[in-house]
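The values are calculated or read from the model by the stated rules, or taken from the named source; none is laboratory data. All values derive from a computational prediction rather than experimental measurement. Using ideal geometry, Cβ is built from the backbone for each residue, glycine included, and neighbour counts are taken over all protein chains shown.
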Amino acid sequence: MSNLAAACFACRRPLAVAEQLYTEAGEIVCQSCTTRAQVLEGHRKSAGMVRTLAYGNPLLALASFVYDPFLTLSIGAIGNGLFVLRRLVSDVQRGEHLSRSPSQKLAASVGLVLGVLSLVTKLLH
Ligand SMILES: [Zn+2]
């Protein structure tokens, strides 16, 4: 049994030497746990990106009232708002981020509405 020298620290599956990978902390881990950790890390990063977009959106929309070259800021605020709302809906459908989404949804919606107001104001002028 010398070729089953260690088990994955996460799922406890015994691993042959050739299957053993190492985490950054030096723990022995299997390929499927490594893949799962990478997927989770990707979700976490992308949730952080959505959060930044959501909370930045009202600021972007407000800025567009002051400075909006070629309507890029107002249209950007509308696009960000739609992106965040769609993303939060799909997260909720997967059962993720339920606790954080209401305030992000509110921020994205405020930015979206302000962006529309800003755009309409300029198009009417
Ligand atoms: Zn494992």
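Let me confirm something: among Pro69, Pro58, which residue is within 30 Å of Ser118 (Cβ to Cβ), at pLDDT below 95 and either more than 15 Å from the ligand (Cβ to nearest atom) or in contact with a helix residue (DSSP H, G or I) (Cβ under 6 Å, 6 or more places away or on another chain) (or both)?
Pro69
Does Thr34 count as assigned to a helix (DSSP H, G or I), β-branched (Val, Ile, Thr) and under 30 Å from Leu119 (Cα atoms)?
In short, no.
Kindly provide the set of residues from segment 22-47 that are more than 10 Å from the ligand (Cβ to nearest atom) and hydroxyl-bearing (Ser, Thr, Tyr), ordered by number.
Tyr22, Thr23, Ser46
Which one is nearest to Ser101 (Cα to Cα), of the residues in segment 47-83 that are β-branched (Val, Ile, Thr) and crowded, with 17+ Cβ neighbours inside 10 Å?
Result: Val50.
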